[in-house]
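Reading through the structure tokens given below for one structure.
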Amino acid sequence: MRSKLIISLTMVIIFMGLFQSLFFQSRVEKIFENYLSESDKMKVEMIKQAVTSYYVSTGSLEGVNQILEISNRMNMNMENMMGHMGGPIEVTILDASGEIVVDTTTKNMGDKKSAVQEPLVIKGETIGTFIAYPVKSDSISRLEQQFAQSVNVTILLGFLVAVLLSLIIGLFLSKKITKPLSQLVSGIEQVSKGKTNFRVTIDSKDEFRQLGDAFNKMTETLERTEHIRKSLVADVAHELRTPLTIIRTKLESIQSGALEATEEVILNVSDEVYRLSRLVNDLQQLSLAESKTLSLHKKRTEINGFMEAILSQIQWFADEKDIRLHFNKSSTHIFIEIDRDRMTQVVVNLLGNALRYTPENGTVMANVKVEGKSVVLSFQDTGPGIDEQKLPFIFERFYRVDESRKRDEGGAGLGLSIAKGFVEIHGGDIKVTSIKGEGTTFEVILPLPGDNDS
């Protein structure tokens with residue numbers, strides 16, 4: 001890339017040099033021609049006036065050649081005084097009958113295409129024809145050539161300096177451009193080898209810096225994704241190991257005759273199979289929700305009635321633990337578009353956690369309210385609360401706030417992950433706040449339709 005950049009700059013300089021050389025040369029020639037043409041017109045007019053004056057004073061064109069010699073001499077003297085270097089004016093004068101009266105031209109005079117032919121008119125009477133032939137002197141030609149050569153030399157020197165500067169600038173720019181690109185290429189190679197912890201450092205403050213920052217963000221995301229993937233594999237293997245071990249042990253014991261296949265044993269094995277089935281199903285639902293490919297069957301639902309129906313079904317769990325379960329519904333009807341099955345699972349997961357972690361004689365409150373263009377479902381308990389440093393991780397799959405809890409009590413650690421995925425696929429958000437020793441509050445924020453009656 002460096003060589004291509006230097007060659008490109010050099011080619012541009014060469015092209016511009018050639019263009020300027022041709023342009024200035026043709027421009028100089030045109031300026032000289034215009035200058036000589038104007039000078040010749042003035043000299044021709046002066047000679048013509050002299051011839052006319054001679055005729056007026058003598059009444060004839062005889063002897064007018066003397067006037068022509070005097071006029072040419074005066075023009076040359078005037079040009080020498082003014083620093084001009086013009087050529088002589090050759091003249092042919094014809095009388096009224098067309099006969100040549102004076103002819104100062106020579107046979108080797110050269111091109112006569114630039115001749116100026118005008119009638120000699122005095123008081124409305126044509127007395128003859130005046131033909132002038134401006135001659136370009138050798139001194140003018142030499143001056144024109146010298147000037148053109150000096151311009152070409154100047155352009156050549158400028159061209160050489162420009163080429164040198166282009167090489168210096170090209171080396172500087174190519175180094176400035178290729179260095180960050182080399183770093184990025186090296187980074188890509190490292191990432192392709194699985195080294196997602198590789199980072200690039202680009203010191204410039206231009207688009208390359210933005211590209212480097214984007215690359216670093218990408219590698220951070222890849223590193224985090226890889227960590228999550230490894231953790232997921234380990235967690236899934238860990239979660240599957242326990243029920244599979246229990247099932248295998250009991251079946252082997254039954255086969256060896258060490259354990260009798262009683263109804264209780266079969267129920268225990270069935271429970272473990274059910275646990276496996278539920279875990280696999282939860283993982284599938286979570287995967288679909290996170291990839292935004294989970295199909296939803298939305299229906300227009302009045303949220304107060306929806307919440308009351310769920311609370312009535314879970315009331316037995318609160319009664320069993322002597323927990324006061326309260327519901328503060330909205331004062332007005334609120335209609336939203338939701339998949340009732342998915343959202344029921346969200347509410348049951350959040351209420352189930354609140355009831356599970358709230359001690360006896362505690363309180364769990366469910367609230368429905370409207371904030372702006374959203375409806376907020378909040379679930380507040382009086383449980384032990386969650387440590388502040390643990391809050392950012394509670395929605396991660398297989399994460400348990402209390403690691404000491406048994407799996408049959410705390411579940412597989414997927415409930416909050418599934419709730420978050422289901423809420424987000426509805427276009428909403430879920431938040432949590434907690435005070436250690438006082439309790440935890442979850443908020444589910446769902447968008448309201450534009451035609452809501454509230």
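The values are calculated or read from the model by the stated rules, or taken from the named source; none is laboratory data. Owing to the predicted nature of the structure, the values given are computational and were not obtained by experimental measurement. We place every Cβ from the backbone using ideal geometry, glycine too, and count neighbours over all the protein chains shown.
One table, with the values for the structure above:
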read-out	value
Options S174, S182; residue that is assigned to a helix (DSSP H, G or I), surrounded by 14 or more Cβ atoms within 10 Å (Cβ to Cβ) and not assigned by TED's automatic domain parsing to the domain that holds N281	S174
Residue check, G87 touching a Ser or Thr at 6+ places or on another chain (Cβ under 7 Å) and either part of a helix (DSSP H, G or I) or modelled with pLDDT under 75 (or both)	yes
Matching residues, the stretch 62-73, being closer than 15 Å to V101 by Cβ and either touching a helix residue (DSSP H, G or I) at 6+ places or on another chain (Cβ under 6 Å) or outside the structural domain of E90 (by TED's automatic domain parsing) (or both)	V64, I67
Identity of the residue in the stretch 223-260, surrounded by fewer than 14 Cβ atoms within 10 Å (Cβ to Cβ) and of a type in the set (G, A, S), that ends up nearest to R397 (Cα to Cα)	A234
